[in-house]
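Have a look at the structure below, then the notes.
The values are calculated or read from the model by the stated rules, or taken from the named source; none is laboratory data. The structure presented is a predicted model; accordingly, all values stated were derived computationally and were not measured. So basically every Cβ, Gly included, is an ideal-geometry build from the backbone, and we count neighbours across all protein chains shown.
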Amino acid sequence: MKAVFATAGAEFRIALRNRWVVIAVLLMVVFSLVLAAAGAAPTGDVGVDRLSVIVASLTSLAIYLVPLLALLIGFDAVAGEVERGTLPLLLTYPLSRLQILMGKFLAHLVILSLAVVLGYGAAGLAAILTDARAGAGIPALVRLGWSSILLGATFLGAAYALSALSRRPSGAAGLAIGLWLLFVVLYDLGLLAMVVADGGGVLTTHVLPVALLANPADAFRLFNLAASGAVGAASGMGAAAASIELWKSATSVLIWPVITLALAWAALRRVTP
Amino acid sequence: MNETLTISWLTKRFGTVEALSQVSLSVGAGQRVALLGHNGAGKSTMMKIILGLIPPTEGEIVVCGAAPGSAAARAQVAYLPENAAFHPALTGEEQIRYFLSLRGESPSQARDLLARVGLHDAAARRIGTYSKGMRQRVGLAQALIGRPRLLVLDEPTSGLDPVSRRDFYALLDGFAAEGSSVLLSSHALTEVEARTDRIVILSQGRLMTQGTLPELRHEAALPVQFLVTPAEGQGAALAGALPGGATGTDGILRLHSTQEDKLALLARIAGLGEAVADLDVIPPSLEDIYSHFSRRDGQ
């Protein structure tokens, strides 16, 4: 464990120097506060507290921003070491490749968590200061917080796997952006096209729920919106999404980080310096 | 078994290219062995196999009684890569503190280690601002962590000025005296400055020869050159007395002799007495010996 913490310490210091910590925290805080301000408008009409509305908006933000941040922080992890020529020396030290991976992961996860906690915290604070009933939304905000960190962990693992596979930082960056587009943007467009073409048939009732759970970003959205009882209103996914039980989306959110980290480990084991 | 490193019939192929073929080598405790060869001779490949970074195609390697790259071997082996590189955002001290923690040593030794390689004043600066020689010293400092039983140093003196090079060999002497073994590579015999116990010459993946510098000198049996300066007006007489020589435009008579005939020729020249103004005996240079062995193959 000592080797993992030592690696995490060095990685965190590097991220601090490269300003990734500041960039991640600033992005999350600024976007969260903007949403907190913009999300104030519909409160009176819907009749729920202000924070619950903000959580729904933050969920949509997190789907785009958290995977992007994770990929940006993680894509250099292996390819950067290979390009700088620092990997062979590190691999002669008495620590396993899994320990190297875990050390980097720990440091990067701390950075993401810092950004998420401070960003959501700022939005939560803004809501509580302006709406006395906002306390009712705190459980949803906390749930959004830890599931966002898990979503980040999933994409960190994916970034490491791509980094180990491409072995060049430029290639890894390209693959990372491609992965983000695929899972966060194009996937949903594809599903939307499928639902429209299908017109409420078998694809919509049986394939769509599985397809949504298979994508970590969609599972994250389902989990948070279903848990706060706002699926229909905020997601536009309709009845099909609402029919997915909470435990299923929760399982997907919990399992994805393990899957991508296992893939990253497998890819790193194949790297010959 | 007293050997720190044993390599038996090591062969490494990359596709159809044979980078190393049938190399056998051993390094005993406290020995300093220099691995010599041109670029592409297989030195770095051999080192990476010893470190367990790449697997051998054939052959057996035992490092400190364990398999290369195993946890037991890695705990006892230190490595200095050719062109040592580190993350430019970390300071020298932070980098060494990290490596110390990985070896289970106290990070507080970092300053002392950097001072030993002459980097005390630069310890708090980022490695990104270091020169090549300074990075090489950081590499050396990390290789000194925790009394390794075997030091594997890939061209450790490249990028070091002559004074630093001498300091470097003094450090190695200290290590060897404590029982650590050293395997270092170089592309020139002059670089190792005869500060090693044994020299191994690799050429195109084959082990050409190994031994101490005097042994290599003897085995190469290269001719010794004699430069005889004649006394005033004795040039022609000298050339007549020493057939086989050639007189240059500077009037100096040049003679070549085998190692066995060296003393006899010396006696003959000494016997000429007043006719000789000066005499220089030039043994084959280190470069000559190295070229002799590294080019024997395929020429």
If you go through the range B:273-299 one residue at a time, how many are at pLDDT below 85 and either more than 30 Å from B:His187 (Cβ to Cβ) or basic (Lys, Arg) (or both)?
4
Across the range A:198-228, which residue is nearest to A:Thr251 (Cα to Cα) among those that are exposed (fewer than 14 other Cβ atoms within 10 Å of the Cβ) and in contact with a helix residue (DSSP H, G or I) (Cβ under 8 Å, 6 or more places away or on another chain)?
A:Ala214
The number of residues in the range B:68-99 that are at the interface with another protein chain (Cβ under 8 Å from one of its Cβ atoms) and of a type in the set (Val, Ile, Thr) is 1
For the range B:175-192, how many residues meet the condition of being modelled with pLDDT of 80 or more, surrounded by fewer than 12 Cβ atoms within 10 Å (Cβ to Cβ) and either in a helix (DSSP H, G or I) or of a type in the set (Ser, Thr, Tyr) (or both)?
1
Give me the pairs, please: first residue somewhere in the range B:63-91 and under 13 Å from A:Gly85 (Cβ atoms) and charged (D, E, K, R), second residue anywhere and at pLDDT below 95 and assigned to a loop (DSSP other than H, G, I, E, B), beta-carbon distance under 7 Å, and either six or more positions apart or on two chains.
B:Glu82/B:Asp154; B:Glu82/B:Glu155
Among what's in the range A:62-89 and is touching a helix residue (DSSP H, G or I) at 6+ places or on another chain (Cβ under 7 Å) and free of Cβ contacts under 8 Å to residues at least 60 places away in the same chain, pick the residue that is farthest from the other protein chains (Cβ to nearest Cβ).
A:Leu65
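Sort out for me the helices (runs of 4 or more DSSP H) sitting completely within the range A:122-222 that have 3 or more residues that are touching a residue at least 12 places away in the same chain (Cβ under 8 Å), closer than 28 Å to A:Asp49 by Cα and touching a strand residue (DSSP E or B) at 6+ places or on another chain (Cβ under 7 Å).
No helices (runs of 4 or more DSSP H) qualify here.
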Condition check: within 10 Å of another protein chain (Cβ to nearest Cβ) and either within 23 Å of A:Asn18 (Cα to Cα) or in a helix (DSSP H, G or I) (or both). Does B:Gln136 satisfy that?
no
